[in-house]
Amino acid sequence: MQRRIVSLWFPRLAAERSLRARPVDAPFALSLFDRNSERLYDLCPRAEGFGLNRGMTLVHARSFCPGLLTRPADPAADQRFLKLLARWATRYCPWVGIDGRDGLFLDITGSAHLMGGEEPLLDDIRARLARAGLTARLGLAGTPGTAWALSHFAEGIAVPGETLTRIGALPLSALRLADQTCTALERLGIATVSQLHNLPRATIARRFDRDVLFRLDQALGDLPEQISPLGEEQAFAVRITLPDPIGLLDDVMAAARRLTEHLCRRLDTAQKGARALKLTFRRVDQENQAVELKLARPMRDGERILALFERGVSAVDAGYGIDMIRLEAVEVEPLGLRQLDRSEGLEKDSLDDLITQLGNRVGLENILRFQPVDSHIPERSFKLVPAACSRPVPAWPAHRPRPLRLFAPEPITGTGFEPPQRFRWRGRALSVIEAEGPERITPAWWEEDASWVKGLRDYWRIATHQGQRLWLFHTPQHPAWFVQGEFG
Amino acid sequence: MSLTFSSVYPLKPARAHEVCGDGALVFAAIAAGTARGAVVWISESWRPTVNPEGLAPYCDPGRLLLTRADSQLNVLASAETALRSGAAGLVVAEVSGTIGLTEGRRLQLAAEAGGTTAVLLIPEGAGSNAAETRWRCAGATAPAGGPHDPRQNGHDSTRWRWSLIKNKIGTLSEWVVRWDAASHRVIVVSEAGG
């Protein structure tokens, strides 16, 4: 079957997207900071009427048109919008690709008859886009290259076999060539596609880069060109719209239960688990309220998710009532099927739920677990890792006696190699009954550590008459005494 | 009638207990070591964490779930959540200010609802009236070389003086205790201020 491609070009995509959201009745342009100044990024036809064009600095443009209204451009949002349009375009054919910043390719091979033919298909696209407030230029041909040329330079349809006659008279930039190449060819007196086509191929190949012949062949169908369709994004979101607004907690939870069941079924088929969820309530006054939930482990157990949502939902202000609820799994992670185990089971699950509950209050990154580190430096012998992405250590390595609380070394007065008999620490006078030591710890020379610049440490465990049991150290290389820990 | 240690220790389950004094941390560590299941240890983020190597003789540090809250309010709220869920065997909360009667009572009710024991480390004199028991812990000094010198028996020399300073269901007393690592329990060295 003959391949048929539609090229869809939105010449004012960015400006029209912005105007769709908030229309204005004035010359309008979008500006973007580029090459050290604010420049026009896109503009409406009225602004063009004042002689403005893209790339001009904003100051310059204002001097031409003092009444110009501008908003900052958002290219990332434009790209998202284009993706939405690509999704919309799948109503005409299943194979839609994105073309640069502002275009789409539709491979309508074999699907034009569904809209009653090629002409009605283009009319339908044009009418629907016009209703949405978007200017579109359309080209239909046997190859993407020709369709692109038509949409950008001469709107219309090229019937099979007529490709060259339709694009022959078009300028060279219709072949998607770089500006420099076009200028170079024009200097030789070659201004249109047909002139280029009539030249002997060998001379072109010798004088210009291969792009020229490559693009020409693509347009004429001598070289293949693929359209890559967008991957289908799996969206894990469900919503429920209610005929009458609801406001009681029980009703809202019942609606949320139906949503979670539905979402979890979907996660189940995809073998995924939700890691972060968002429950959005739209009230009748169009106000949105959202409850977010971050989970300690990926899961898809509806009942448990619902129980965790309870605290957040009870804090929602229902106002005059809620008429739409949407549940979205914002972050999903793979979660395969798991063999049930009698020994773990409920207790583990409830601990994970507790981590989630605490995490929603103080942040999941603040729920931590100890993990041993293989280091002889006391303050480096462990690390803290978030509990949500770690498992408990089965066996903690045994060490020498260490204090229950370690703190940054606090200097005390003392001389000699034995611990001082009396000293003051934290405002209290202490006298030593017994001292045990020394235990010598050398700094790790392969690591930079500012607190170990004084070199070797001789550690002593001491007990005082006042009841404290402390961990002191002496630095023989720079004589001084410090307290570093409390045994309690 | 004098109060026996075994009637108040191990701590009454599903209740909130308060500890103060220099040895409070050891009290909490021992309580964590003798509790079943996971231990949720809640403290404010400015405070240095407990040292897992120092904790290891009393309690496996792998069982600890540390929660770092930004304020005392969140410490108490997290403690209530953890107690009510019943997923942990023990909840330890390090509190830096006073606990009001409302907060204390809420924690007590949460502990009863979830069946979880709570140990609150409080500053001296900052407890609430709702606590089941309150203890003051300090290191005890044994005269070296005396008849009680533990090293003569080959034990760890460390002793603590644990005073019961509030008891909802009985009288007050104090004991000198030591930790027996081999049997993993607290052993009373001498009764009533001995």
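Can you grab the distance from the C-alpha centre of region A:420-470 to the C-alpha centre of region A:62-139, Å, no decimals?
If we compute the Cα centre of each part, the gap is 74 Å.
Using just the helices of chain B, give the 222 nm mean residue ellipticity in deg cm²/dmol: DSSP H runs with n ≥ 4 each add -39,500 (n - 2.57), and the total is spread over all residues, rounded to 500.
Calculated from helices alone, the mean residue ellipticity at 222 nm is -7000 deg cm²/dmol.
Taking region A:290-390, which trypsin sites (Lys or Arg not before Pro) meet the DSSP loop condition and have no more than 13 other C-beta atoms within 10 Å?
A:Arg338, A:Arg342
Please report the orientation-averaged projected area of the protein assembly as shown, defined via the convex hull of its C-alpha atoms, in nm².
46.2 nm²
Exactly which GluC sites (Glu not before Pro) in region A:242-347 are in a DSSP loop and have at most 11 other Cβ atoms within 10 Å?
Sparse-neighbourhood loop GluC sites (Glu not before Pro): A:Glu344.
With a cap of 16 neighbouring Cβ atoms within 10 Å, and only residues DSSP puts in a loop, list the chymotrypsin sites (Phe, Trp or Tyr not before Pro) found in region A:362-442.
For chymotrypsin sites (Phe, Trp or Tyr not before Pro) across region A:362-442 that sit outside H, G, I, E and B with at most 16 neighbouring Cβ atoms in 10 Å, the list reads A:Phe417.
Percent relative contact order of chain B, based on C-alpha pairs within less than 8 angstrom and at least six residues apart?
Relative contact order of chain B: 24 percent.
Among A:Phe417, A:Gly455, A:Ser431, which residue has its Cα positioned farthest towards the positive end of the charge dipole of region A:405-486, with +1 placed on the Cβ of Lys and Arg, -1 on the Cβ of Asp and Glu, and the dipole taken about the Cα centre?
Looking along the dipole axis, the top candidate is A:Ser431.
What does the charge add up to near A:Leu175, with Lys and Arg as +1, Asp and Glu as -1, over the other residues with Cβ less than 14 Å from its Cβ?
-3
Looking at the protein assembly as shown only, what percent of DSSP beta bridges run antiparallel? Nearest 5 please.
Antiparallel: roughly 80 percent of the beta bridges in the protein assembly as shown.
Put +1 on the Cβ of every Lys and Arg and -1 on every Asp and Glu Cβ in the protein assembly as shown; which of B:Ala69, A:Leu134, A:Ala178 then has its Cα farthest towards the positive end of the dipole?
With unit charges placed on the Cβ atoms, the residue in question is B:Ala69.
Is it possible to state the helix-based mean residue ellipticity at 222 nm for chain A, with each DSSP H run of 4+ residues giving -39500 (n - 2.57), the sum divided by total residues, to the nearest 500 deg cm²/dmol? What is it?
-9000 deg cm²/dmol
Please give me the summed charge of the neighbours of A:His197: other residues whose Cβ is under 13 Å from its Cβ, Lys and Arg +1, Asp and Glu -1. Please list the in-between numbers first.
Values: positive: A:Arg166, A:Arg201, A:Arg215; negative: A:Asp217, A:Asp222.
Local net charge: +1.
Given Cα pairs under 8 Å that are at least 6 residues apart, what percent is the relative contact order of chain A?
The value is 9 percent.
For region A:80-230, place one equal point scatterer on every Cα, skip the solvent, and apply the Debye formula. What is log10 of I(q)/I(0) at q = 0.15, 0.16, 0.19 Å⁻¹?
-0.80, -0.89, -1.16
Might you report the magnitude of the Cβ-based charge dipole of the protein assembly as shown about its Cα centre, with Lys and Arg at +1 and Asp and Glu at -1, to the nearest 20 debye?
Dipole of the protein assembly as shown, to the nearest 20 debye: 320 debye.
So what's Rg/Rh here for region A:237-334, counting alpha carbon atoms and using the Kirkwood radius for Rh?
Answer for region A:237-334: 0.96.
Give me the net charge of A:Leu185's neighbourhood, meaning all other residues with Cβ under 13 Å from the Cβ of A:Leu185; Lys, Arg count +1, Asp, Glu -1.
Around A:Leu185, the charge tally is -1.
Please enumerate, by chain and number, the lysines with C-alpha under 23 Å from the C-alpha of B:Lys12, excluding those fewer than 8 residues away in the same chain.
B:Lys166, B:Lys168
Kindly give Rg over Rh for chain B, based on alpha-carbon atoms, with the Kirkwood expression for the hydrodynamic radius.
My calculation puts Rg/Rh at 0.96.
Rounded to the nearest 20 Debye, what is the dipole magnitude of region A:251-361 about its Cα centre when Lys and Arg each give +1 and Asp and Glu each give -1 at the C-beta?
260 debye
Please report how far the C-alpha centroid of region A:239-268 lies from that of region A:272-327, rounded to the nearest whole angstrom.
Each part reduced to its Cα centre gives a spacing of 9 Å.
Put +1 on the Cβ of every Lys and Arg and -1 on every Asp and Glu Cβ in the protein assembly as shown; which of B:Gln108, B:Ile169, A:Ile190 then has its Cα farthest towards the positive end of the dipole?
B:Ile169
Every number in this text was worked out from the coordinates using simple rules, so none of it is lab data. Keep in mind the model is a prediction, meaning the values are calculated, not measured. Using ideal geometry, Cβ is built from the backbone for each residue, glycine included, and neighbour counts are taken over all protein chains shown.
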